[in-house]
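Working notes for the structure below.
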């Protein structure tokens, strides 16, 4: 398959949101990727390590961060990009017996993610630009993009 000239900005923004918020919560970001498959179309993936030590509130914040970034940076992606994240949030809340609080917890997580994205706006925009151009960022490149150098 031929490589695209540019990767979808909305999906890149979505994945950058996950990565920047995860990093800000102390989670190791191993790689961020956007890719195309014949079977499922465009997909994104943010590989992380250390999410198991996060509070459930921070797990929700990290999961909803993709959608928060789409809204914050005004680069909406197809609705399907967030469905997996919302399913993971639903599963987490169900395991804790908190299904009735779904909307409130998502709103709180999104508000927290927006605050983090505001604090790291320039870093996030650099990551989005890199993903749009290359489709993949490894850990050393991610750390460089997140630094103030």
* All positions within the stretch 39-62 that are touching a residue at least 12 places away in the same chain (Cβ under 8 Å), within 18 Å of residue 98 (Cα to Cα) and not in a helix (DSSP H, G or I) -> 54
* Asked: Can you pull out the residues in the stretch 72-83 that are part of a helix (DSSP H, G or I) and either at pLDDT 95 or above or loosely packed, with under 14 Cβ neighbours inside 10 Å (or both)?
  -> 72, 80, 83
* Determine which single condition residue 119 fails, assuming it passes every other condition in (1) surrounded by 15 or more Cβ atoms within 10 Å (Cβ to Cβ); (2) modelled with pLDDT of 95 or more. => (1)
* To do: Keeping to the stretch 135-146, report how many residues are out of contact with any helix residue (DSSP H, G or I) (no Cβ under 6 Å at 6 or more places or on another chain), closer than 15 Å to residue 44 by Cα and either buried (at least 18 other Cβ atoms within 10 Å of the Cβ) or without any contact (Cβ under 8 Å) to a residue 24 or more places away in the chain (or both).
  => 1
* Exclusive hit being more than 14 Å from residue 11 (Cβ to Cβ) and surrounded by 12 or more Cβ atoms within 10 Å (Cβ to Cβ), set 54, 127 -> 54
* Structure fact -> Apart from one, (1) closer than 24 Å to residue 139 by Cβ; (2) touching a helix residue (DSSP H, G or I) at 6+ places or on another chain (Cβ under 9 Å); (3) not in a helix (DSSP H, G or I) all hold for residue 36; the odd one out is (2)
* Asked: How do the helices (runs of 4 or more DSSP H) wholly within the stretch 84-149 filter down when requiring 2 or more residues that are over 13 Å from the mean Cα position of the chain (by Cα) and over 18 Å from residue 16 (Cβ atoms): which remain?
  -> 102-119
* **Residues of the stretch 24-33 satisfying the condition of being touching a helix residue (DSSP H, G or I) at 6+ places or on another chain (Cβ under 6 Å) and not in a strand (DSSP E or B)** => 24, 25, 27
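The values are calculated or read from the model by the stated rules, or taken from the named source; none is laboratory data. All values derive from a computational prediction rather than experimental measurement. A quick note on method: Cβ atoms are made from the backbone with ideal geometry, for glycine too, and the neighbour counts reach across all protein chains shown.
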